[in-house]
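The values are calculated or read from the model by the stated rules, or taken from the named source; none is laboratory data. What you see is a predicted model; the values in this text were computed from it and never measured. Virtual Cβ from ideal backbone geometry, glycine too; neighbours counted across all protein chains shown.
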Amino acid sequence: MQKSIAILIVLFATAMIGINIAQPTSATATTQDYGRSGKTQFGIRSLSGSYATAGRADGFQSRSIGVTEFDGRGGVTRTVRINTNDGTGGRILIDITAIGTYTVDRDGTCVLYLTNFLPSGNTSEVTYDMVIRKTSKGGGRGLLIADELESIQREAGVTASLVEESLTRRVGVR
């Protein structure tokens, strides 16, 4: 009986080791692709195409949606519609357009520099720190394409102090 239990324990342990080897963690499976150097491959072309944005600021004080277009060469344009508190218990919509530039580091961190054009005719300069969360192949020369990003604006926003955005690549949209 003890010999049978020992054999079952060995078989169970062997099966568990095999399962762990055969199935990598989801983070490794979805966010990393190794090139010849053994390191993740990100570059300026990793951001290319149209991305839907969904933003939030100071909890639910302000929310936004928009479209950001990356040209794959460091240039970016975007439009954003902000839905925010009007100060009297109601809501107002604020439409902002922006142009700017971006950088992408080999580790998938990015910086976005924008000039916002406000409805009042004024402009504001903002900087976003971003990280690529999810990728797919197709950036050329082994680079990965960013499918999902998270970002935080360094400066206070138009309607709130802490601005966060999620970006998702719109496959098939040019």
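Observations, loosely collected:
- Number of positions in region 124-140 that are surrounded by fewer than 13 Cβ atoms within 10 Å (Cβ to Cβ) and free of Cβ contacts under 8 Å to residues at least 40 places away in the same chain: 2
- Which listed residue, of GLY87, GLY140, GLY55, is at pLDDT 90 or above and among the small types (Gly, Ala, Ser): GLY55
- Qualifying position, being touching a Phe, Trp or Tyr at 6+ places or on another chain (Cβ under 6 Å) and either assigned by TED's automatic domain parsing to the domain that holds ASP58 or buried (at least 16 other Cβ atoms within 10 Å of the Cβ) (or both), among ARG91, ARG81, ARG106: ARG106
- Condition met for ILE92 (over 20 Å from the mean Cα position of the chain (by Cα) and over 16 Å from SER50 (Cα atoms)): yes
- Enumeration of residues in region 51-71 that are more than 17 Å from TYR113 (Cα to Cα) and hydroxyl-bearing (Ser, Thr, Tyr): SER62, SER64
- Region 125-174, residues that are small (Gly, Ala, Ser) and either in contact with an Asp or Glu (Cβ under 8 Å, 6 or more places away or on another chain) or more than 14 Å from VAL104 (Cβ to Cβ) (or both): SER136, GLY138, GLY142, SER151, ALA156, GLY157, ALA160, SER161, SER166, GLY172
- Selection within region 143-174: residues that are of a type in the set (Val, Ile, Thr) and part of a loop (DSSP other than H, G, I, E, B). The member of this set that is modelled with the highest pLDDT is VAL171.
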